[in-house]
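The values are calculated or read from the model by the stated rules, or taken from the named source; none is laboratory data. Computed from a predicted model, the values in this text were never measured in an experiment. Cβ atoms come from the backbone with ideal geometry, glycine included; neighbour counts cover every protein chain shown. Accessible surface areas use protein heavy atoms only, side chains included; no ligands, DNA or RNA. Shrake-Rupley method; radii C 1.70, N 1.55, O 1.52, S 1.80 Å.
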Amino acid sequence: MNEKVMVNEKLKCILYTIFSNYNNLSKKIYIVLDDSKNSEKMSEDILKKINQNTPYFIKKILANFNNENDNSVLKLKKSNQYLEIVDKNQNTEGESILLDMSSLDFNDIERKCDYEVKFVVDYIFNLDEIGKSRFFKEVEKTIEKDKSKKDNKEESNNNLDINYLYNICISKYMWKDSNDAAKMENWIYNIINPNRLHSDLLEKMIEIINKELNNLNFDSYLRYILSKEENKSLGYISMSSDLYKLLLFEDILRIDYSDKCTVKIDLDVEYVGKWWSENILPIFKERYSKKDLIDKLELEIKKNEIVDFHGKNFEKLKNEIINEIEKEYENEKELNEDFESEEKVSLESELKTKKSKSISDLQELIEKTDIKYENNIETLRDYCSDEFIDILENSNDENYSLKDLEQFLEDNKEYFNDKAYIFFEVCVQKQIQKLEQDLLNDICEVKTLKDLKELHDKLLENGEFVKCEDLETIIFRKMETIVKILNLAEINDEENISIANQMYENTSSIELEKYPIAEILICRDINIDLNNVKETIEDLREEVNEIKDTVLKNCMFNCEYYNMNIQINDSENYYTIKFRYIKDLIDYIKLKEGNRLLINLKNIKKTSQYKRRVFNKGNSEIIKEIDNFYSA
């Protein structure tokens, strides 16, 4: 790229930024120079170009110049209210837009810039000095006309937005002295964005399209956009692509402007099909494996079929692309079928020579066997299932843990069929019967919950399959027997609650309501909702009665020492309180609630007073939290 082009690109970057922001200047634009030795010369050259290519009203905005009566030619200086040229070592204040001349990326700025801004800047930039002067006078005349149309002059800010400037440019441009690609690009933009042009200009443009658009220049533009690198991608038909916009352009002309536009285009769509095969298909093949390619091509057919355009030419174009995809799809499918058949023959031949003597041998075979085609996995699945059964039936010297076998099947589940899982289930049932007999023998020696937990933990080492009703029923019946004995002796209630809960968490078939004695040990957490006292007291009473009934029915006689875990209003704190104090707790809450119907403080007996003092002394923390709630 020669130096003149580079300079022009940097100048255009500055102008794109000015024209994009002049109508809403919330940030100051700083142009940062990259060469301090020549900064003065560079600054003069940049200012000269900005002044030459910027309408008077925009310069006034940048300079914050408000004198409407001053008609002198305004020239921007190095430092203006909203535009300043600085050296690299100078500070830039507040939020700003920085244009560093040493690192400006023209392509990036151009890509982010609105189409109308680019069009206006490029149009002005390419005018000679006389052309620029005439254009700026036209802009000032338009501003004056706009002012005169308004009765209240304060309504006018003497500015034109970028769309108004765009329309002035188009009215001067009128697609004269322009190549076909530039014309088509502008026509397409204006047709698919009909509100961008004023109605009179839009009418004139349609008349010109009707006269000038033909097969030759349409086909030329199609070839031009398909040759662009950015369109040689899998997004070639996406809404932002040039091809999609061309499809939409043709569709709108044929439907929305059918009464004004009689253009008849007959495309040579074979070119598009060839282009797709040469440019898009290789991307598919490079990106996707043989295994995935067919699925992706099928998806591509559906993607093209849902593009809803009504123009006959683009129906043909679309069908041509789909034909090319289907052609390749069929080729790939036939090729895959050949490869799949070859793989199956090779796999069957190889498996005939293999014999797994152990589970580790079978695992090694699975890991080393590479299958590309899904249908051939069934062959390996049948082989592995037969080998798995054969290994277990003949494992005289090696006892396999069912837990390890269960994990082996889980890790390799895609390589085994129902036959293997049924055989494994038979093995499990046999093992459960053996474990059940062993458990019934061992459990006779168990005297404490701690010993019972150790026996349960040992049982769990066999795998998840031991979490079954047959075995867990034995464990929990024994638990209930032990709890009855503990209940009489008031032994280790807090520790036993923890042990019983851990055992319950490691079961899958236990329903606690079937084991009420175990339930009153495991379920000791009670939440008290002081915002709903009536319901809370009823729940507490039911809890108390249920525990007493369970104890009475099972001849346990003693539950007063039970540790109950009380939570107030779902707080994080739990307070341990003896069961014997639950009734006192209910009375205390009633008292705090102000319900004195059942409690007459004047007639409380001395024994009751003593019991209340004991309750108060032993449960001070929970009483404090209740007091805090009612004092809040």
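Within straight-line reach of residue 260, meaning a Cα separation under 12 Å, sit the following aspartates and glutamates at least 8 residues removed in sequence or on another chain: 203, 207. Shown is the FRET efficiency for residue 348 and residue 425, computed with R0 = 30 Å from the Cβ-Cβ distance and rounded to the nearest 0.05: 0.55. For the stretch 357-436, list log₁₀ I(q)/I(0) at each q in 0.13, 0.18, 0.19 Å⁻¹, using the Debye formula over Cα point scatterers of equal strength and ignoring solvent, two decimals each. Summing over Cα pairs of the stretch 357-436 leads to -0.40, -0.74, -0.82. Restricting the calculation to Cα atoms, the stretch 410-477 yields a radius of gyration followed by a Dmax of 14.5, 47 Å.
At a 1.4 Å probe radius, carbon and sulfur cover how many percent of the accessible area of the stretch 242-319? Before the final figure, lay out the partial values.
Details: 2060 of 4350 Å².
Carbon and sulfur together cover 47 percent of it.
Here is the tail figure for the stretch 392-538: Cα pairs spaced more than 26 Å apart come to 41 percent of all pairs. How fast does the stretch 490-543 diffuse by Stokes-Einstein, in µm²/s, taking the Kirkwood radius from C-alpha pairs at 4 °C and 1.567 mPa s? Calculated translational D: 100 µm²/s. Dimensions of the stretch 1-56 from C-alpha coordinates, computed as largest minus smallest value along each principal axis and given longest first, are 33, 23, 19 Å. Out of all DSSP beta bridges in the chain, what portion is antiparallel? Express it as a percent rounded to 5. Given both bridge residues lie in the chain, the antiparallel proportion sits at roughly 30 percent.
Using only Cα atoms, figure out Rg for the stretch 503-593 and give it as a multiple of 2.2 N^0.38 Å.
In units of the 2.2 N^0.38 Å rule of thumb, it is 1.16.
Size check on the stretch 75-215: the Cα extents along the three principal axes, sorted descending, read 57, 45, 30 Å. Cross-link pairs exceeding 23 Å between alpha carbons, from the set 118/228; 245/303; 49/228; 10/59; 28/118: 49/228.
If you take the Cα atoms of the stretch 169-307, find Rg, then find the Kirkwood Rh from the mean of 1/r over all pairs, what is Rg/Rh?
Numbers: Rg = 17.3 Å, Rh = 16.7 Å.
Expressed as Rg/Rh, it is 1.04.
In terms of its C-alpha gyration tensor, the stretch 1-126 has a rounded overall shape, because the principal axis ratio a/c (a ≥ b ≥ c, square roots of the eigenvalues) stays below 1.5. Taking 18 Å as the straight-line reach from the Cα of residue 447, the aspartates and glutamates in range (excluding those fewer than 8 positions away in the same chain) are 438, 457, 472, 480, 490, 493, 494, 495. When the Cα atoms of the stretch 179-250 are aligned to their principal axes, the ranges along those axes come out at 39, 26, 17 Å in descending order. One decimal place: the segment residue 544-residue 172 gains 124.5 nm when fully extended, by the rule 0.36 nm per residue minus the C-alpha distance.
Note on the stretch 91-139: Cα-only Rg and Dmax are 14.8, 39 Å. Mean separation of Cα pairs under 8 Å and 6 or more residues apart, divided by the residue count, gives the chain a relative contact order of 6 percent. Straight-line cross-link reach from residue 453 at under 19 Å between alpha-carbon atoms covers these lysines, not counting any fewer than eight positions away in the same chain: 467, 478, 484. The relative contact order of the stretch 129-249 comes to 20 percent, based on Cα pairs under 8 Å that sit 6 or more residues apart.
Enclosing the Cα atoms of the chain in their convex hull gives a volume equal to 369 cubic angstrom per residue.
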